[in-house]
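The values are calculated or read from the model by the stated rules, or taken from the named source; none is laboratory data. Because the structure is a prediction, the values reported are computed rather than measured. Glycine gets a Cβ as well: all are built from the backbone with ideal geometry, and neighbour counts include every protein chain shown. The area values use the complete protein model at the heavy-atom level, side chains included, leaving out ligands, DNA and RNA. Shrake-Rupley method; radii C 1.70, N 1.55, O 1.52, S 1.80 Å.
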Amino acid sequence: MLSAFARAFQTPDLRKKLLFTLGIMVLFRLGAHVPIPGVNFVAVNQCLKDTSSNSLFGLVNLFSGNALLQLTIFALGIMPYITASIILQLLTVVIPRLEALKKEGQAGTAKITQYTRYLTIALAVLQGTGIVATASSGALFSGCSVAGDVVPDTGVFRVATMVITMTAGTTVIMWLGELITDRGIGNGMSILIFTSIAAGFPGSMWAIKQSGTIGGGWVEFFSVIAIGIVVVCLVIFVEQAQRRIPVQYAKRMIGRRAFGGTSTYIPLKVNQAGVIPVIFASSLLYIPALLVQLTNSDSGWASWIQKNFVKGDHPVYMATYFVLIVFFAFFYVAISFNPEEVADNMKKYGGFIPGIRAGRPTAEYLNYVLTRITWPGSLYLGLIALIPMIALVAFNANQNFPFGGTSVLIVVGVGLETVKQIESQLQQRNYEGFLR
């Protein structure tokens, strides 16, 4: 990986793309430290010191690079865009118009991207309104003595200004991501998510060192680094693992020319669902605690939720989280990969799996293989997602433990994809062809 970056910096056009991408990443991090108007920044800093973690908004805070709890212009981060993308991907399965657009190629994809932008702005307005309302009521920093002073002016004009500023911040983030995609290296949105998560690694590591008790905290510090190396190696191994289904295309004579007769394969990844099941499960588990916080109920069900579903180190929470991840892994794979559609396309172009008849038997075989490899993939996702919760007990770490859950999956996944793109562009530039 380091050699690929070194060779890329030696190539003038790739060096410009890398420097442009790094510049956008720096600009993105600067925006994550500019507070929105109408916020008492002194009270925010005091509450951040008093409350070490906020599990209710942990996922959004993770994707915003800790900008949410600081109430900056980039407080919402890339989360509205991720939510909009997931919603449109799910709607593509049930709405025929979106499914037809998806099949139209580049023109249809551009139209779906435009719909995603509109939905992102709408979700940013809703989420920004919710965050401002939560901060105004003092619920954003539960347990802080000055939580009610975070937003001193709760007038309509002031609240509207704060919501518009946060929505504009999300729109700017979308624009920055598209700039990276067009003029930089890699997928822009993925790079910005990578930047947000990686920015929290040093602070999380230093917090583990300060809270440690053995050898001044250095034993815990280096133990977490060793665990991180093992986890990253495991994630790379599983993310690269795939089952290759061989496909043979029969020869066809069109006029005097023969077409086809080639061999290829269908790559079915062990972790076909990616990080989506973890995001789904985390979001769903926030709903009970959010209901309790909004209703301020003291009944029996509210007390049971406060006891079992607020802290991530509770066994009931961990077991429910694990089961939901496994369920959503199968659910997302089922809606994102259609064996019948793949089998029909293969049959249309004269392709077949050796030993399997074309048509329905091919679809059943693909479904059988996909189900078999999704089991280890879903269990792997569940175990990786539980690492921060185990660390909460073992190292007294916060919910944003650097080497586990969504953080390590996204960082490793984006890193691998970016390195592949750099190597691909280097290979294209170094290819001399048959003639010199």
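Helix 156-183 versus the longest principal axis of the chain: what is the Cα-based angle in degrees, 0 to 90, to the nearest 10?
Relative to the chain, helix 156-183 is tipped by roughly 30 degrees.
Search the structure for amide H atoms under 5 Å from the amide H of Ile245, placed 1.01 Å from N in the peptide plane, and list their residues when 5 or more places away or on another chain.
Residues meeting the criterion, in which the H sits 1.01 Å from N, are Ile266, Leu268.
Can you tell me how the stretch 109-205 classifies by the Cα gyration tensor, rounded, prolate or oblate, using a/c under 1.5 as the rounded cut?
It is oblate, given that a/c is not under 1.5 and a/b is not larger than b/c.
How much accessible surface area, in Å² rounded to 10, belongs to the heavy atoms of Leu19 with a 1.4 Å probe?
100 Å²
Compute, for Trp301, the solvent-accessible surface of its heavy atoms (probe 1.4 Å) with the complete set of protein chains present, and express it in square angstrom to the nearest 10.
Accessible area of Trp301: about 120 Å².
For a Förster distance of 41 Å, can you work out the FRET efficiency between the beta-carbons of Leu291 and Ser211, rounded to the nearest 0.05?
0.85
With just the Cα atoms defining each centre, how far is the stretch 337-379 from the stretch 144-211? Give it in Å.
42 Å
List the residues, sorted by chain then number, that are 5 or more residues from Ile185 or on another chain and whose placed amide H is less than 5 Å from its amide H.
Thr21
If DNA, RNA and ligands are ignored and the probe is 1.4 Å, what is the ranking of Ile387, Ile87 by accessible area, most exposed first?
Largest accessible area first, the residues go Ile87, Ile387.
For a quick check, take a GNM of the chain with Cα springs below 10 Å and name the residue from Ala110, Ala241, Ala168 with the largest mean-square fluctuation.
Maximum fluctuation in the GNM of the chain, among the listed residues, is at Ala110.
Need one value: the accessible area of Glu341 in square angstrom, 1.4 angstrom probe, rounded to the nearest 10.
Here the accessible area works out near 80 Å².
Would you list Cys144, Cys233 from the most to the least accessible area, probe 1.4 Å?
Cys233, Cys144
Per residue, how much accessible area does the stretch 351-391 have with a 1.4 Å probe, in Å²? Don't skip to the end; give the middle numbers.
On the way: 1970 Å² over 41 residues.
Per-residue value: 48 Å².
Calculate the FRET efficiency for Arg97 and Thr264 from the Cβ-Cβ distance with a Förster distance of 35 Å, rounded to the nearest 0.05.
The value I calculate is 0.65.
Between the helical axis of 405-430 and the dominant principal axis of the chain, each derived from Cα atoms, what acute angle in degrees is found, rounded to the nearest 10?
Taking Cα atoms only, the helix is inclined about 40 degrees.
Please work out the average accessible area per residue across the stretch 132-253, using the 1.4 Å probe convention, and give it in Å².
50 Å²
Which entries in the list Lys111/Lys420; Lys16/Lys102; Lys16/Lys420; Lys17/Lys103; Lys111/Lys269 go over 25 Å, if you measure between the two C-alpha atoms of each? Each step should come with its number before you reach the end.
Working: Lys111/Lys420 28 Å; Lys16/Lys102 33 Å; Lys16/Lys420 18 Å; Lys17/Lys103 31 Å; Lys111/Lys269 28 Å.
Flagged as over cut-off: Lys111/Lys420; Lys16/Lys102; Lys17/Lys103; Lys111/Lys269.
So which residue, out of Phe337, Phe157, Phe328, gets the largest mean-square fluctuation from a GNM of the chain using Cα contacts under 10 Å as springs?
Phe157
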